[in-house]
Amino acid sequence: MTLSVDVRHRQGAFDLDAAFESGGRLTALFGTSGSGKTTLVNLVAGLVRPTEGRIAVDGRVLVDTAAGIVVPVHRRRIGYVFQDARLFPHLTVRRNLRYGRFFTPAGERYADESAVVDLLGIGDLLDRRPGHLSGGEKQRVAIGRALIASPRLILMDEPLASLDEARKAEILPYIERLRDETRIPIVYVSHSIAEVSRLATDVVVLSGGRVQASGPAAAVLSRPDALPVGERDESGALVDLEIVSQDDAFGLTVLRSSAGEWRLPRIGRPVGTTVRARIRARDVMIMTQAPAGISALNVLAARVEEVTPGEGTDALVTLACGTDRLLARITRRSVHALDIAAGRDVYAVVKSVSFDGGNPAYAAPRAAAPE
């Protein structure tokens, strides 16, 4: 699936001018409040008509103002999951699920209701009404309703924003399954770098109604200049790791990547599973000699690829660790004192406790299924 967007739109004092193309299975629209994320998904959905521009999904034009093409909302075959579930309170879960498919021509319905129910784990909720569901359960039903409509594309606008941390943890694995086990592309709106790092295959960063960066998640999220100002301390690298064993005595998981061996707080997944971890630049230390007698458990041989001075006291160092790339934010004084320069062999040191609740390891996106 390729989503092509090139639109201009004025809404009151806000001016959106956005152009990008994405072929990702889950494309995240990432930015702070007021950056234009929701306006953009509403343009794709057809809830708002752009002042000027063109939007196409897999070559199917949804709107082209120059050509006078505007496909009505009900013919776009787009599933929309809002921040609040927006279920019909007087209908059971089963009837809420089936509501969306009424707008899909019988010959174009591909979704299997029982498969959707199993995917989202909502089989025991079918006879309940929304008033008897938790926030996480409501969102799973809302996702199911969108799926059963047999959409060509799913839009998810901050679907976890109204949930507490426990309910977010409940929902995230289901969104991962939706991303990995269906062929339906997703556009996911979020202001949370943790959510985007966990879920996205591709990222579009918006700021002030403009696209600041777009591309594969690992490339975009490693660029501090591409992130919103308030998130630049959270910049880092995304690394895929394979679980090789569990260290039950100390509550750790042993993992492996091309960089070497890692130890992270326990990840409750089977040996052989590939997970993705976000390694924040501020959590990476650099040593010029092999360290000994230190508490940090992750010590990786690396080579300096680039040193980028910051505007203040710090610098960003790009490190090659096998085929992986890590980022380290250190002071410019340390760069000078340690003679950190491109081509130098060093060691990257990452403490296991850096992987706290805001920086977990999680299921890496699976390779796309062959067509």
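With respect to being more than 22 Å from Glu195 (Cα to Cα), in contact with a strand residue (DSSP E or B) (Cβ under 8 Å, 6 or more places away or on another chain) and of a type outside the set (Val, Ile, Thr), Asp324 falls outside the description. A search for C-beta distances below 7 Å between a residue of the range 181-196 that is among the polar types (S, T, N, Q) and any residue that is part of a loop (DSSP other than H, G, I, E, B), counting only pairs 6+ apart in sequence or on different chains, returns Ser190/Glu158. Applying the criterion of being without any contact (Cβ under 8 Å) to a residue 12 or more places away in the chain and in a loop (DSSP other than H, G, I, E, B) to the residues of the range 272-308, the residue that is nearest to Leu319 (Cα to Cα) is Ala292. Picking from residues in the range 71-108 that are touching a helix residue (DSSP H, G or I) at 6+ places or on another chain (Cβ under 6 Å) and either assigned to a loop (DSSP other than H, G, I, E, B) or aromatic (Phe, Trp, Tyr) (or both), the one that is surrounded by the most Cβ atoms within 10 Å (Cβ to Cβ) is Tyr80. Thr308 meets each of the listed conditions (1) over 23 Å from Ala218 (Cα atoms); (2) at pLDDT below 95 apart from (1). None of Ser190, Ser197, Ser162 is within 28 Å of Asp58 (Cα to Cα), in contact with an Asp or Glu (Cβ under 7 Å, 6 or more places away or on another chain) and not aliphatic (A, V, I, L, M) except Ser190. Might you check whether a residue that is free of Cβ contacts under 8 Å to residues at least 40 places away in the same chain, part of a loop (DSSP other than H, G, I, E, B) and either under 20 Å from Ile175 (Cα atoms) or not charged (D, E, K, R) (or both) occurs anywhere in the range 23-30? No, every residue in the range 23-30 fails to be free of Cβ contacts under 8 Å to residues at least 40 places away in the same chain, part of a loop (DSSP other than H, G, I, E, B) and either under 20 Å from Ile175 (Cα atoms) or not charged (D, E, K, R) (or both). Within the range 116-133, the set of residues being within 24 Å of the chain's Cα centre (by Cα) and either in a loop (DSSP other than H, G, I, E, B) or free of Cβ contacts under 8 Å to residues at least 40 places away in the same chain (or both) comprises Val116, Val117, Asp118, Gly121, Ile122. Applying the criterion of being in a loop (DSSP other than H, G, I, E, B) and in contact (Cβ under 8 Å) with a residue 24 or more places away in the chain to the residues of the range 46-70, the residue that is farthest from Tyr188 (Cα to Cα) is Thr51. Out of the range 2-41, which residues are farther than 21 Å from Thr65 by Cβ and either charged (D, E, K, R) or outside the structural domain of Thr51 (by TED's automatic domain parsing) (or both)? Across the range 2-41, the qualifying residues are Arg25, Lys37.
If only residues of the range 162-171 that are of a type in the set (A, V, I, L, M) and surrounded by 18 or more Cβ atoms within 10 Å (Cβ to Cβ) are counted, the one that is farthest from Leu120 (Cα to Cα) is Leu163. Being assigned by TED's automatic domain parsing to the domain that holds Ala45 and more than 20 Å from the chain's Cα centre (by Cα) is a property that holds for Gly208. Exactly one residue out of Leu252, Leu297 is more than 25 Å from Thr201 (Cα to Cα), surrounded by 15 or more Cβ atoms within 10 Å (Cβ to Cβ), in contact with a helix residue (DSSP H, G or I) (Cβ under 6 Å, 6 or more places away or on another chain) and not acidic (Asp, Glu): that is Leu297.
When the range 43-70 is filtered for residues that are in contact with a helix residue (DSSP H, G or I) (Cβ under 7 Å, 6 or more places away or on another chain) and among the β-branched types (Val, Ile, Thr), the ones remaining, listed by number, are Val48, Ile55.
The values are calculated or read from the model by the stated rules, or taken from the named source; none is laboratory data. The structure presented is a predicted model; accordingly, all values stated were derived computationally and were not measured. We place every Cβ from the backbone using ideal geometry, glycine too, and count neighbours over all the protein chains shown.
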